[in-house]
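The values are calculated or read from the model by the stated rules, or taken from the named source; none is laboratory data. As the structure is a computational prediction, the values presented were derived from the model and not from experiment. Positions of Cβ are generated from backbone atoms using ideal geometry, with glycine treated the same way; all protein chains shown enter the neighbour counts. The protein model used for the area step is the full one, side chains on, heavy atoms only, and it has no ligands, DNA or RNA in it. Shrake-Rupley method; radii C 1.70, N 1.55, O 1.52, S 1.80 Å.
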Amino acid sequence: MSHCSGYSDPSSFAEDGPEVLDEEGSQEDLEYKLKGFIDLTLDKSAKTRQAALEGLKNALASKLFPEFILERRMTLTDSIERCLKKGKSDEQRAAAALASVLCVQLGPGMESEEALKTLGPALKKIICDGTASAQARQTCATCFGVCSFIATDDVTELCSALECLENVFTKSGLREKDTSVIGSSPAPGLCVSSLLSWTLLLTICPVRELKAKLEMHFHKLPRFLSSDDVNMRMAAGESLALLFELAREMESDFLYEDMDSLTEMLRALATDGNKHRAKVDKRKQRSVFRDILRAVEERDFPTETVKFGPERMYIDSWVKKHTYDMFKEVLGSGVQYHLQSNEFLRNVFELGPPVMLDAATLKTMKISRFERHLYNSAAFRARTKARNKCRDKRADVGELF
């Protein structure tokens with residue numbers, strides 16, 4: 001206990017984002033804390049190791065440490081590999097999450113390629129291990145996809161990563177005649193993560209390999225639209241929309257063989273009124289599939305806007321949306337900071353060089369913890385008042401009848 005008390009609680013990095021990191025100490029203080037977390041990844045206690053991994057992940061997701069990371073990337077990589085190989089479910093998940101933000105910090109290049117060469121085999125082993133925890137496999141699938149997107153520069157390695165992910169989601173346990181397939185099928189969450197990571201890697205595939213993958217899997221994806229899991233249905237739909245976008249970029253007159261059947265399935269999901277499904281799931285599904293149907297039929301995409309600091313990014317394609325969603329998955333709330341400051345992410349989304357802001361401007365943009373608490377409290381009171389009014393009206397109507 002005395003050994004751990006010299007360092008801050010790892011979870012403290014996640015609560016308030018990068019602004020607190022700036023306010024609570026100098027860069028030297030923060031790096032001192034990170035050194036402590038790195039040391040604790042070697043601790044005998046699994047909980048201590050897990051907390052250290054989570055602290056490192058939260059810190060790297062919230063702020064850039066370029067020189068610090070470059071100097072210690074080998075130590076970090078070794079610690080992550082050790083925890084992936086020897087740790088249990090929660091520790092493996094924390095290690096995989098740290099691997100993804102480490103690659104985000106390093107960006108494309110020799111350093112991230114070396115990290116992936118070390119960590120890739122351990123991540124793939126967990127993903128393909130049917131005896132491993134489903135949650136650990138799911139996290140590893142997401143993080144492996146992001147790491148490969150950043151660090152893979154070799155076509156052979158990219159194809160190997162795609163095949164690893166394909167082997168997982170193609171075994172999805174849909175209700176088919178072959179009961180042996182159903183019995184060995186992975187959990188829906190793992191299939192979703194594998195499919196989304198696979199789709200992300202398709203966006204960086206060379207044309208020749210991309211055509212081969214489309215020919216092999218385009219006709220297989222619609223069967224996932226019949227899954228009992230709403231997240232699987234939506235992941236399959238979004239992947240189909242993205243595949244249509246990629247195919248039409250290669251061939252403007254691209255025609256899908258069974259277009260009528262596919263659009264009929266998409267339209268059914270966009271207007272789904274199945275009483276056996278939860279209302280929240282149906283509402284979310286209908287909204288997503290309306291956009292997917294428009295993409296497939298009309299080549300249309302509903303533009304979204306992402307604001308970060310004084311800047312904004314327009315998401316105007318399925319490729320861009322999917323890429324943003326995947327990085328948001330691994331960075332959490334830190335994605336806004338990285339969009340502002342991380343040159344790699346800014347290159348991915350074609351945002352140009354980072355915008356330099358002076359300290360006074362940055363200070364005016366920040367909302368203090370107390371102000372955020374007041375804002376959330378006011379919003380909660382307003383929602384409560386609105387709900388009470390609505391209940392009063394329903395009560396009055398009930399009395400009339």
If you take the square roots of the eigenvalues of the alpha-carbon gyration tensor of the stretch 26-153 and sort them as a ≥ b ≥ c, do you get rounded (a/c under 1.5), prolate (a/b over b/c) or oblate? oblate
With a 1.4 Å probe and all protein chains left in place, how much of the accessible area of the stretch 233-298 comes from carbon and sulfur atoms, in whole percent? 46 percent
In order through the stretch 320-326: 3J(HN,Hα) via Karplus (6.51 cos²θ - 1.76 cosθ + 1.60), integer Hz, x for Gly, Pro: 5, 5, 5, 4, 4, 4, 5
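Can you run the Rg to Rh ratio on the stretch 209-335? Use alpha carbon positions and the Kirkwood inverse-distance Rh.
Over the Cα atoms of the stretch 209-335, Rg/Rh equals 0.98.
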For His219, His322, write out the residues from largest to smallest accessible area, computed with a 1.4 angstrom probe and no ligands counted. His219, His322
Accessible surface, the stretch 21-149, averaged per residue in Å² (probe 1.4 Å): 43 Å²
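Taking the highest mean first, how do the peptides 201-209, 99-107 order by number of other beta carbon atoms within 10 angstrom per residue?
Packing order, densest peptide first, comes out as 99-107, 201-209.
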Those chymotrypsin sites (Phe, Trp or Tyr not before Pro) from the stretch 224-284 that are DSSP loop and have at most 11 other Cβ neighbours within 10 Å turn out to be none
Theoretical FRET efficiency, 1/(1+(r/R0)^6), r = Cβ-Cβ of Asp272 and Arg299, R0 25 Å, to 0.05: 0.60
Do any trypsin sites (Lys or Arg not before Pro) in the stretch 74-179 lie in a loop, going by DSSP, with at most 16 other beta-carbon atoms within 10 Å of their beta carbon, and if so which? Lys88, Arg175, Lys177
If a paramagnetic tag sat 7 Å from the Cα of Val155 along the Cα-Cβ line, which residues of the stretch 99-129 would have the backbone N under 20 Å from that point? 109
Compare the peptides 150-160, 338-348 by average per-residue count of other Cβ atoms within 10 angstrom and give them in order, highest first. 338-348, 150-160
Could you give the length gained by full extension between Glu350 and Ser252, i.e. 0.36 nm per residue of separation minus their alpha carbon distance, to one decimal place? 32.9 nm
Flagged links, alpha-carbon separation over 21 Å, of Lys279/Lys307; Lys171/Lys321; Lys86/Lys117: Lys279/Lys307; Lys171/Lys321
Can you give me the long-range amide H partners of Phe308? Hydrogens built in the peptide plane at 1.01 Å from N, cutoff under 5 Å, separation of 5 or more residues or another chain. Met313
Got a sec to turn the phi values of the stretch 85-99 into Karplus ³J(HN,Hα) couplings, 6.51 cos²θ - 1.76 cosθ + 1.60 with θ = phi - 60°, whole Hz, x for Gly and Pro? 7, 9, x, 8, 3, 5, 5, 5, 5, 5, 5, 5, 4, 5, 4
Rounded to a whole number, what % of the accessible area of the stretch 48-196 do carbon and sulfur atoms account for, probe 1.4 Å? 48 percent
For the stretch 283-349 and the stretch 85-102, what is the centre-to-centre distance using only Cα atoms, to the nearest Å? 26 Å
